[in-house]
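The values are calculated or read from the model by the stated rules, or taken from the named source; none is laboratory data. This structure is a prediction, so every number in the text was calculated from the model and none was measured. Note: ideal-geometry Cβ built from the backbone for every residue, glycine included; neighbour counts use all protein chains shown. For accessibility, only protein heavy atoms count, side chains too; no ligands or nucleic acids. Shrake-Rupley method; radii C 1.70, N 1.55, O 1.52, S 1.80 Å.
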Amino acid sequence: MCHVDVAWILSIRLNYLQLRKSKDSLIEECLEPLDKEQIHIICQNILTLLKESICDINVEAEYIFAAAIIVQELIKKFPCNSDVEEFITLLGDNLLKFNDKNLYVQNFCCTVLEKYWLLDVKKKEHLASYVPAFLIAKIISSVGKVHDIERLYNVREMFQVIDFDVPSADGLLDLLQHLPSNPLIYKTHFGIELVQFLMTLNESLMLHIDNAIKSHIPSLQTSALNYIGKMYAKTLQDIRSSPLEKQFHVQCIRDLIDCAIHCHRQGPYKSSPQLYKILVMLHRHTKSVELRDVLHDLSKPLLWKA
């Protein structure tokens, strides 16, 4: 059995502070001469370190950070290594438990999982249970940044492996309903495209997002309302010939028109102006004659009854 000195695993946390710009080359230099057996020993030490860090609240967050930095490099070189897969599983299963350690470390660990998801590897579906929840929670918190929207958009396929009809998804649905009211969503095209993508996945998620948007309309700025109108127009186009088309027409668009006609008669908010802004943008960005006819058909009976 060969011996590998793994003391440098922990020293990375210090080197990172001193050699911030060269940390990747430092780790790569350490990994380069190692063979498979030595890599296995390194991985086992990292796994032991992480397991101890998760169980011991007194362990410094930088130790987790050091392990995550090294694994990030291991993923590049050995993405299908069984030890790396075990680490990713452990990191994912415990991602949401790191918040008491250090938010910066938790965020870095999440970026490692995101990079792993984007690789062409197997056994990664379980990450969908943790990464979106962390990113959404960060986005709607006081520390969220526009770049976090892009990060969530880049791993949007995670939402496709989530069953939103089971009780275990309720927590994620609760987080999702806060996205439409978050100003970061409307500061980048990734935010609008993300919401649009979510609305086209399945009926329950489409209705959940639609209800969340409508509940936040009274508090949204004009720029956000304009983006929402464009988003509905784009969704109207993309959802054509889809099993969701009829539900979107009736439950989302017709309901929006109905709210615009009657909202001044009921409820605590007089949100007619906001709704009209959305409808104006919806009609303006609906280019197809066929879809304009759809909007006309949806509006006609409501206007007649009004």
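Residues that are within 22 Å of N211 (Cβ to Cβ), surrounded by 20 or more Cβ atoms within 10 Å (Cβ to Cβ) and touching a Ser or Thr at 6+ places or on another chain (Cβ under 9 Å) occur in the range 139-151; there is at least one. Residues that are modelled with pLDDT of 90 or more and of a type in the set (S, T, Y) within the range 142-162 comprise just one, Y153.
For the range 40-63, residues that are open to solvent by less than 10 Å² (accessible area, probe 1.4 Å), at pLDDT 70 or above and touching a helix residue (DSSP H, G or I) at 6+ places or on another chain (Cβ under 7 Å) total 3. Checked against (1) part of a helix (DSSP H, G or I); (2) of a type in the set (S, T, N, Q); (3) under 26 Å from Q221 (Cβ atoms), Q160 passes all but condition (3).
Considering every residue within the range 116-123, establish whether at least one is open to solvent by 40 Å² or more (accessible area, probe 1.4 Å) and assigned to a helix (DSSP H, G or I). Checked the range 116-123: no residue is open to solvent by 40 Å² or more (accessible area, probe 1.4 Å) and assigned to a helix (DSSP H, G or I). Taken over the range 230-244, the criterion of being under 21 Å from the mean Cα position of the chain (by Cα) and hydrophobic (A, V, I, L, M, F, W, C) is satisfied by M231 alone. Note on the range 180-191: residues that are more than 15 Å from I217 (Cα to Cα) and either touching a Pro at 6+ places or on another chain (Cβ under 7 Å) or of a type in the set (A, V, I, L, M, F, W, C) (or both) total 2. In the range 90-106, of all residues being surrounded by fewer than 19 Cβ atoms within 10 Å (Cβ to Cβ) and outside any loop (DSSP other than H, G, I, E, B), the one that is modelled with the lowest pLDDT corresponds to D100.
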